[in-house]
Amino acid sequence: MKFTLACLITTIGLSVAAPAESSPEARSGTVQGFDISGYQTNVNFGAAYQSGARFVIIKATEGLTYKSPEFNTQYTGATKAHFIRGGYHFARPDVSSGRQQAEYFAKNGGGWSGDGITLPGMLDIESYANKPECYGLSRSAMVAWIRDFADTYHQLTSRYPMIYTGYYWWKDCTGNSNAFRSTSPLVLANYNSKPTPVPGDWPFYTIWQYNDHYKYGGDSDVFNGDITQLKKLATG
């Protein structure tokens with residue numbers, strides 16, 4: 001879940017207050033978190049929790065056939081360490097429909113339950129090495145693919161997925177579509193000192209991925225709200 005330098009700018013946001021402008025470490029009223037994939041095989045969840053992190057987003061699936069071999073272990077570890085946690089799906093619009101991938105994701109770690117500790121699943125939509133720009137889709141076709149995924153996920157779980165993206169990718173590949181601003185929380189990938197600009201006419205981000213290094217593994221994230229608001233996002 002990493003953007004190229006040209007794409008480093010955008011990610012998560014509904015049901016939270018408007019963002020402050022100071023650095024993640026200096027801001028009050030926010031919650032530290034991180035995201036990981038199968039590349040992180042020895043995450044010390046206990047130490048991460050003790051350091052102040054309270055949520056983690058874990059790669060579950062990609063495309064229509066891949067499930068991270070580390071997902072089950074990571075998800076269990078996060079749960080035992082008392083994290084609010086959820087899964088994410090790396091989108092591959094070049095291999096199947098959004099509906100098919102949402103169904104695959106929901107069956108393989110991306111489901112949701114109203115237990116207060118499970119985040120709605122996240123759709124990671126970005127560029128992919130050695131693939132055509134925007135997977136060869138037109139802007140309207142890309143928006144339709146994302147809508148197909150989001151609507152199917154909602155039908156299966158009663159929640160709309162969070163959408164992880166970067167400003168430039170979203171602008172180039174969807175025409176800066178605002179089709180999801182009122183349903184899907186934005187997870188913004190932006191490694192600059194401020195989480196702007198926000199794409200797609202989202203009023204704000206919900207989660208900001210601000211660094212590709214976290215002390216205990218993966219990428220550094222911050223939730224744009226306090227712990228009560230984070231729990232509300234998990235509860236639905």
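Where residues in the stretch 108-158 are assigned to a helix (DSSP H, G or I) and touching a strand residue (DSSP E or B) at 6+ places or on another chain (Cβ under 9 Å), which of them is surrounded by the fewest Cβ atoms within 10 Å (Cβ to Cβ)? Even if it seems obvious, please write down each step before you answer.
So the first thing to find is which residues in the stretch 108-158 are assigned to a helix (DSSP H, G or I), and the list is 133-136, 139-157.
Filter once more, so that each one left must be touching a strand residue (DSSP E or B) at 6+ places or on another chain (Cβ under 9 Å): 146, 149-150, 153.
Working: Ile146: 25, Phe149: 27, Ala150: 22, Tyr153: 28.
Ranking the qualifying residues of the stretch 108-158, first place goes to Ala150.
Name the residue, out of Thr174, Thr152, Thr157, Thr165, that is touching a residue at least 40 places away in the same chain (Cβ under 8 Å), of a type in the set (Ser, Thr, Tyr) and closer than 21 Å to Ala189 by Cα.
Answer to the selection: Thr165.
Only strands (runs of 3 or more DSSP E) wholly contained in the stretch 162-236 count here; list those with 1 or more residues that are over 13 Å from the mean Cα position of the chain (by Cα) and surrounded by fewer than 24 Cβ atoms within 10 Å (Cβ to Cβ). Step through it out loud before you land on a result.
Details: elements: 162-165, 186-189, 207-211, 219-223.
Output list reads 207-211.
Can you name every residue in the stretch 26-84 that is more than 17 Å from Gly110 (Cβ to Cβ), part of a loop (DSSP other than H, G, I, E, B) and of a type in the set (A, V, I, L, M, F, W, C)?
From the stretch 26-84, those more than 17 Å from Gly110 (Cβ to Cβ) are 26-34, 39-54, 77, 80-82; that's our starting set.
Next, from what is left, pick out any that are part of a loop (DSSP other than H, G, I, E, B): 26-30, 39-44, 51-54, 81-82.
Ala26, Val43, Ala53, Ala81 - these are the residues of the stretch 26-84 that are more than 17 Å from Gly110 (Cβ to Cβ), part of a loop (DSSP other than H, G, I, E, B) and of a type in the set (A, V, I, L, M, F, W, C).
Computed from the coordinates by the stated procedures, all read-outs in this text should not be read as laboratory data. From a predicted model like this one, the values you see are computed outputs, not experimental measurements. Positions of Cβ are generated from backbone atoms using ideal geometry, with glycine treated the same way; all protein chains shown enter the neighbour counts.
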